[in-house]
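**Q** Sharing a structure, written as structure tokens. Questions coming.
Bear in mind these aren't lab numbers, they're just calculated from the coordinates by the rules spelled out. Nothing here was measured: the structure is a model prediction, and the numbers come from that model. No Cβ is skipped: glycine too gets one built from the backbone with ideal geometry, and neighbour counts run over all protein chains shown.
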Amino acid sequence: MKVFNGLNKFFNYNFIVFLLLFISIPDVKGEINGNKKIINGTELYDTNGHVINAHGGGFLKIGNYYYWVGENRKNGVFVSCYRSTDLINWEFRGDLLTRQSHPELDKANIERPKVIYNDKTKQFVMWMHYEYGRDYSYARAAVAYSSDIEKPFTFLKNFRPFGNMSRDCTLFKDTDSVAYFISSARENYDMCVYKLTDDYLDAKEYITTLWPGGHREAPALLKRDKYYFMMTSGCTGWEPNQAKYAYAKSIIGPWSELINIGDSTTFNSQSTFILPIEGKTKTSYLYVGDRWDGKKYFNSTYIFLPIEFTNDTSMKLNWTDKISPDMTTGELVK
Ligand code: DGJ
């Protein structure tokens, strides 16, 4: 009995020490600063040595900083914010939306947050996919805003734009400052485009349904010279599939047919954003995708690949293990 009690104490003591260690050193990596490249498909660490949680995210350039806003999902946080001058070394700047931000977020699930800046209201406006509960049947959009991209956002509302279901989504602010919300509707069969109100806080106009019945999600847009490009994925849950793109001279359309890009699994990733990098020599476009682990969400990683244009309307995505953007020239060095 005495031996048994002794063993019990030993195990209890060691168990408590183990638990304390486990709780106090989460996700920290030894080597913190001075990264030189983005290594695709690996965990990325912020400048504090913590794993970057910003999936389904979007990017925004403010001064010399690129801001990365994306899904966090840890400890009741929905959306976190990081910033970087080189796209390699990211500083954590704060949590923008948490379960506590608003009663409507209490049991919510937030995906694919995107932020744009409204020059007139001086507000940062976030649109996102909003679910209530554990499944995807709510299928709504939600809007939040803040005067500081690094500070908590005020949650405004969740709704179905013009009564349409709304799941995977993105925001696009055009060069004339008119902004659009693009989202998968009708059980993901349709991709709907909406024009936003001048304050970006609501959908002012339903514009068009792209590829009705096409079953597309994960929209990401770019504008290059006279053409808009939209990349989307097929709908296979967390499993990757063949990305396609289309081009148009106006967001309103007509859009081209869908054209395959990358390989049959988009290099085991799904689009979330296309980031333009304006350098002195050229403007490059960086594809940002999530390499999801549907079983263990926090094992998901990120993929950054250069988009190459072969003519005005043809774009290509090729694999590279690593990438190092030259922020001065705009070159994406592999
Ligand atoms: C694919 C979407 O793009 C993701 O954001 C997420 O909603 C998963 N489906 C869920 O299966």
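**Q** Can you give the Rg to Rh ratio for the chain, taking only C-alpha atoms and Rh from Kirkwood?
**A** My calculation of the ratio gives 1.02.
**Q** Report, by chain and number, residues whose modeled amide H sits under 5 Å from the one on Ala139, excluding near sequence neighbours (fewer than 5 apart, same chain).
**A** Result for Ala139 returns Tyr132.
**Q** Mean projection of the alpha-carbon convex hull of region 161-244 over all orientations, in nm²?
**A** Average of the hull's projected areas for region 161-244 equals 5.7 nm².
**Q** Moving to a separate point now. Any chance you could run the full-extension gain for Ser147 through Asp174? It's 0.36 nm times the residue separation minus the Cα-Cα distance, nm to one decimal.
**A** Length gained between Ser147 and Asp174: 7.7 nm.
**Q** Here's a follow-up. With springs connecting C-alpha atoms under 10 Å apart, model the chain as a Gaussian network and identify which of Asp290, Asp46, Asp174 has the largest mean-square fluctuation.
**A** Top of the fluctuation ranking is Asp174.
**Q** Going by C-beta contacts inside 10 Å, put Cys81, Cys235, Cys192 in order with the fewest on the left.
**A** Ranking Cys81, Cys235, Cys192 by Cβ neighbours within 10 Å, fewest first, gives Cys235, Cys192, Cys81.
**Q** How charged is the neighbourhood of Lys334? Take every other residue with its Cβ under 12 Å from the Cβ of Lys334, and add Lys/Arg as +1 and Asp/Glu as -1.
**A** Counting the neighbours of Lys334, the net charge comes to -2.
**Q** Please find the FRET efficiency linking Asp119 to Lys249, where r is the Cβ-Cβ separation and R0 is fixed at 25 Å, and quote it to the nearest 0.05.
**A** According to the calculation, E is roughly 0.50.
**Q** Separation between the His50 and Thr197 pseudo-spin-labels, each 7 Å from Cα along Cα→Cβ, expressed in nm?
**A** It is 3.5 nm.
**Q** Compute the length gained on full extension between Tyr227 and Asp321: take 0.36 nm times their separation in residues and subtract their Cα-Cα distance, giving the result in nm to one decimal.
**A** 30.9 nm is the gain from fully extending Tyr227 to Asp321.
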